[in-house]
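This report refers to the structure that appears directly beneath it.
The values are calculated or read from the model by the stated rules, or taken from the named source; none is laboratory data. For clarity, every value in this text was computed on a predicted model and none was experimentally measured. FYI the Cβ positions are ideal-geometry reconstructions off the backbone, even for glycines, and counts take in every protein chain you see.
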Amino acid sequence: MKNKVTIFICILLTIMLLPTVLRAAAADTSSGDGDDPAPFDGTIEWNPEDVQYKGSTPYVIADGTAHAPRFTVKDAEGAVVDPSTYTYEYRENVNAGTGYVILTFTGSCTGTARAWFKIYLPATTNTYVENVNDGVKVKWDPVEGAAGYVIYRRAWSSTTNGWTSFGRWNNTTGTTYIDGTDESHKVYAGTRYQYGVKAYFERRVDPISGATIGGNIGDNYNLGLVGPLKTTVRITTRELTKLVSDSKKITAYWSPSKNFTGYQVQRATDAAFKKNVNTIKISDPTKSSTVLNSLTDGTLYYVRVRSYHEFEGMTYFGCWSNVLSATPVSPTKYRALSIGQNNYPSSPLYGCVNDMNAMAGMLGGLKNTFTVTKLANATKTQIMNGITTAYKGATESDVSLFSYSGHGVNAGGSGTYQGALVDINEDLISLNELAAALSKVPGRVIVILDSCHSGSAIKGRGNADADLDTFNRAAIEAFSGYCLENGDAQAGQKMGEFKQSKFIVVTAASYNESSWDGGFDGSGYSQGAFTAALIQGMGCSYPNGAYSGGAMPADKNNDKQITLKELYDYVKATAYSWVGQTAQYYGPDSEVLFRR
């Protein structure tokens with residue numbers, strides 16, 4: 001009878017386990033005269049509200065309590081047996097395995113009978129699957145009373161357009177399993193897999209059958225319930241190969257795969273991908289790069305990529321790649337203000353406007369083209385306003401160059417040297433004033449001064465008798481003390497936690513020297529010795545600074561780019577050979593400013 005356990009099965013089991021009692025009862029029934037109690041030959045039926053069925057097997061779920069499902073006893077004719085004619089007892093009814101009830105008859109029937117039910121461990125919960133580098137990770141919540149777990153897997157076959165039969169593997173440690181690391185059951189890219197997890201209990205002897213149950217042996221896997229099946233597609237991990245920064249954007253490159261539908265590229269402003277997260281979907285598996293736009297220059301961004309695959313209305317994701325970081329930067333812009341002063345009332349000069357024009361032409365012809373503003377015969381107000389106008393819009397990634405050719409004086413009085421520039425009205429512009437104005441310009445500032453006493457723009461001790469390698473202390477603070485992030489930084493501070501000094505300064509002469517005006521390069525034009533040497537070192541000529549197309553004498557290694565230090569070394573030697581003045585330099589040796 002469906003969903004019933006007949007007394008015949010019970011009697012057989014009882015004969016196996018209790019042979020002495022039942023043989024005696026059998027002997028008694030064979031010699032009776034028909035009025036004695038007969039052995040029970042009815043059925044025991046479980047209350048359907050108290051048990052569930054798996055096929056014809058009744059079961060309950062282990063929950064740590066003693067299970068006592070209700071039952072009804074019927075005789076062979078189907079009539080309900082009076083409960084007063086028997087007693088009963090539940091046994092093995094707490095832990096997973098086989099529980100049963102045993103009845104002892106005391107009325108019109110004799111002997112004992114029993115009915116069994118399975119106690120299953122509960123199904124695993126919160127199971128999920130995801131792609132990882134090594135394969136597919138399956139994870140679930142622990143089941144109370146479990147000694148271990150069994151992983152079930154089946155794959156979708158493209159040839160039969162259906163699922164293969166379940167395979168299973170034991171995992172006796174923890175609640176996480178990575179499928180694909182075992183050579184006996186690999187996972188393959190692009191294949192759809194379905195996973196379920198079942199718990200099992202400690203191995204022991206079944207009290208009904210005497211068989212060993214539990215553990216991870218044979219059909220005893222069935223003494224637990226498989227949790228919900230979870231599906232994924234095996235998607236291999238991409239490699240993010242490089243990031244290329246530009247202004248307000250980063251280009252990301254990765255290793256492509258045509259096995260899947262497309263990619264997700266994700267960026268954030270923190271390595272944990274919690275802040276300012278943005279994800280781009282790319283529905284083209286042949287692509288291997290994308291541009292991340294609308295970024296903020298100067299901000300560090302973290303980037304990663306993964307494949308995704310669409311199948312039967314579902315979207316599956318691969319594991320995120322390695323993480324790379326980059327900072328968008330504005331392209332460097334170059335600006336220059338070139339000043340030439342000839343028309344002084346009391347002591348006019350003749351080559352300074354030529355110097356201005358030659359500097360402007362040379363700078364405008366470089367590969368990193370300068371936007372040049374020229375000021376000829378300017379007042380102090382015009383020079384200060386020119387600084388504001390010429391460098392308007394400069395950013396921290398830009399380079400601004402200030403060149404001056406004209407009179408310079410010692411404004412410090414007898415015994416000390418504090419250089420100053422002279423405007424066309426013969427008013428003074430102290431080097432501290434100039435440094436204060438130029439320090440407001442963002443980014444790198446290059447200062448080139450072709451004037452007498454210009455070396456005091458760099459450094460010294462304030463002693464007129466000091467040797468040519470020492471300069472005025474106040475002038476150190478005027479230029480080299482300014483730093484990009486710390487206005488109070490001391491001169492000579494190293495790159496590292498602090499950015500390099502804001503200024504690079506090249507001067508025509510030492511603090512106590514004159515700077516000469518005349519004709520030096522054979523061109524026939526009046527010029528400053530220092531500027532003439534500089535223009536010559538760049539391979540250019542007077543009066544307009546045009547590049548000859550040949551070698552640049554200052555380019556010692558012929559790489560078509562000249563560091564400021566290379567140019568200074570050439571200018572210093574050349575100008576000294578012409579007039580004996582000693583050019584001075586402050587700043588790093590490797591700053592590349594001039595490129596062809």
Looking across segment 287-315 at residues that are closer than 27 Å to Ala155 by Cβ and not charged (D, E, K, R), the single one that is surrounded by the fewest Cβ atoms within 10 Å (Cβ to Cβ) is Gly313
So, first residue in the same structural domain as Pro83 (by TED's automatic domain parsing) in segment 34-63, second residue among the acidic types (Asp, Glu) and surrounded by 14 or more Cβ atoms within 10 Å (Cβ to Cβ), Cβ within less than 8 Å, six or more apart or across chains; the pairs are Asp36/Asp28; Phe40/Asp75; Asp41/Asp75; Gly42/Asp75; Val60/Asp50
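Which is touching a strand residue (DSSP E or B) at 6+ places or on another chain (Cβ under 6 Å), among the β-branched types (Val, Ile, Thr) and loosely packed, with under 15 Cβ neighbours inside 10 Å, of Thr231, Thr176, Thr160?
Numbers: Thr231 fails: loosely packed, with under 15 Cβ neighbours inside 10 Å; Thr160 fails: touching a strand residue (DSSP E or B) at 6+ places or on another chain (Cβ under 6 Å).
Of the residues listed, the single one that is touching a strand residue (DSSP E or B) at 6+ places or on another chain (Cβ under 6 Å), among the β-branched types (Val, Ile, Thr) and loosely packed, with under 15 Cβ neighbours inside 10 Å is Thr176.
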Within segment 248-286, of all residues that are surrounded by fewer than 13 Cβ atoms within 10 Å (Cβ to Cβ) and of a type in the set (S, T, N, Q), the one nearest to the chain's Cα centre (by Cα) is Thr279
When Val372 is run through (1) within 20 Å of Ala532 (Cα to Cα); (2) among the aliphatic types (A, V, I, L, M); (3) assigned to a helix (DSSP H, G or I), the failure sits at (3)
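Given the options Asn544, Asn557, name the one that is under 30 Å from Thr395 (Cα atoms), in the same structural domain as Tyr350 (by TED's automatic domain parsing) and out of contact with any strand residue (DSSP E or B) (no Cβ under 6 Å at 6 or more places or on another chain).
Values: Asn557 fails: under 30 Å from Thr395 (Cα atoms).
It is Asn544.
Looking at segment 27-52 only, could you name the residues that are at pLDDT 80 or above and either in contact with a Ser or Thr (Cβ under 8 Å, 6 or more places away or on another chain) or not charged (D, E, K, R) (or both)?
Going through segment 27-52, the residues at pLDDT 80 or above turn out to be 38-52.
Across segment 27-52, the qualifying residues are Ala38, Pro39, Phe40, Gly42, Thr43, Ile44, Glu45, Trp46, Asn47, Pro48, Val51, Gln52.
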Report task. Within segment 520-537, identify whether any single residue is at pLDDT 90 or above, touching an Asp or Glu at 6+ places or on another chain (Cβ under 7 Å), within 26 Å of Ala394 (Cα to Cα) and outside any loop (DSSP other than H, G, I, E, B), and answer yes or no. Result -> yes
Across segment 375-411, the tally of residues that are surrounded by fewer than 18 Cβ atoms within 10 Å (Cβ to Cβ) and in a helix (DSSP H, G or I) stands at 7
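What number of residues within segment 106-135 are assigned to a strand (DSSP E or B) and touching a Gly at 6+ places or on another chain (Cβ under 6 Å)? Spell out how you get there, then give the answer.
Going through segment 106-135, the residues assigned to a strand (DSSP E or B) turn out to be 109-110, 112-121, 128-131.
When the remaining residues are screened for being touching a Gly at 6+ places or on another chain (Cβ under 6 Å), the result is 117, 119-121, 131.
Residues flagged as assigned to a strand (DSSP E or B) and touching a Gly at 6+ places or on another chain (Cβ under 6 Å) within segment 106-135 amount to 5.
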